[in-house]
Amino acid sequence: MASSHSDTLDLLRDRIARMTVGPASSITQRLSTGVAEIDARLGGGLEKGTVHEFFGAGSDRQVSAKPSRFVAAVLARTTGAVIWIGEETLDLCVAGVEQAGLNPGRLICVTATHASFVDLCEAVLREPGVGAVVVDSRAAPDLGTTRRLQRAAHERGATGFLLYRSAFLGESTSHCLSATRWKIGPSTTFSLRDNPVGGAYTAEERWSIEMLSHHHGGAAGWVIDPARYETHPFSVLPEETPQHARHDRERRSWWRSALRA
């Protein structure tokens, strides 16, 4: 396994060296989602140098096409090499990646067996020149795995996107070591716009984006128009009560202690 990892890493280093893209940017500590309201809720965007979890929802729970496109859109606003690692196989639509704005020339796709998948993801997160790693998993989240990937991301400063292509999504968000956890799927509402071919309007699907967990505490939700990245009312956060504040403090304390374990 070690020899296989070494060969894969050597190939990755060679590919990265040959790429014409710029180095991974470190000017800001946040990655914009492209949605102003979400960025504001996150204090400027997704934190760099950590890991974030993404799940599909509804009819997209196993395919996770919408979370994949959302992640690709975030990465389109970054610089440096993007490594997309699939477990056993990789079902990634290049046209969808391009539609999200991510230059395929910055993308290196790799697959690994189930037995070596986490080891390889951890090693790639530690590689110099890697700006972001998409961990395209078909297994359920595991605290031990997340802890390893968090430490690797913190060590080198790369950002990990844990994309879970499975029907599993824990109901409780109290035990999540990732900086954020997201659920993205189709909304029950549609947007109407002019039909260029003829007729009055065409209906286009909106997305429901839920931030289920944040290591600073709190949760939120939005509905967006993916074609325009406009947000629409989805859920109103309740005013913080002493009980909510205490829960958030407990969550932050648990997250820090669990990460150090």
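We did not get these values from a lab; they are worked out from the coordinates using the rules stated. Keep in mind it's a predicted model, so treat the numbers as computed, not measured. Backbone-built Cβ (ideal geometry, glycine too); neighbour counts: all protein chains shown.
Brief remarks on what is shown
- If the segment from Q29 to A115 were pulled out straight at 0.36 nm per residue, it would be longer than the present Cα-Cα gap by 27.7 nm.
- Ranked S137, S68, criterion: other C-beta atoms within 10 Å, fewest first: S137, S68
- According to the calculation over all Cα-Cα pairs in the stretch 101-153, the P(r) per 5 Å bin from zero is 4, 17, 29, 26, 15, 8, 2 %.
- Extended-chain gain in nm, criterion 0.36 nm per residue less alpha-carbon gap, C93 and L11: 27.3 nm
- Only Lys, Arg (+1) and Asp, Glu (-1) charged, at Cβ; the stretch 2-181 dipole about Cα centre in debye: 380
- FRET efficiency estimate (nearest 0.05) - Cβ-Cβ, A227 to R126, R0 41 angstrom: 0.65
- Modelled FRET efficiency - R0 22 Å, A219 with A140, Cβ distances, 0.05 increments: 0.60
- Kirkwood-based shape ratio for the stretch 2-181, expressed as Rg/Rh from alpha carbons: 0.93
- All-pairs Cα distance distribution in the stretch 48-123, expressed in whole percent, bin size 5 Å: 3, 14, 23, 25, 24, 10, 1
- Sorted fewest first by neighbouring Cβ atoms within 10 angstrom, E53, E155 come out as E155, E53.
- Dipole of the stretch 1-129, positive end: most advanced residue of C93, G44, V63 [Cβ charges, Cα centre]: G44
- Distances between placed amide hydrogens fall under 5 Å for T159 paired with G49, A132, V133, all partners being 5 or more residues away or on another chain.
- Ellipsoid semi-axes in whole angstrom, largest first, where each is sqrt(5λ) of the Cα gyration tensor of the stretch 65-169: 20, 17, 12
- Our coupling estimate for the stretch 49-60, obtained by passing each phi through the Karplus curve with A = 6.51, B = -1.76, C = 1.60 and θ = phi - 60°, is x, 8, 10, 10, 9, 9, 10, x, 9, x, 5, 9 Hz, Gly and Pro reported as x.
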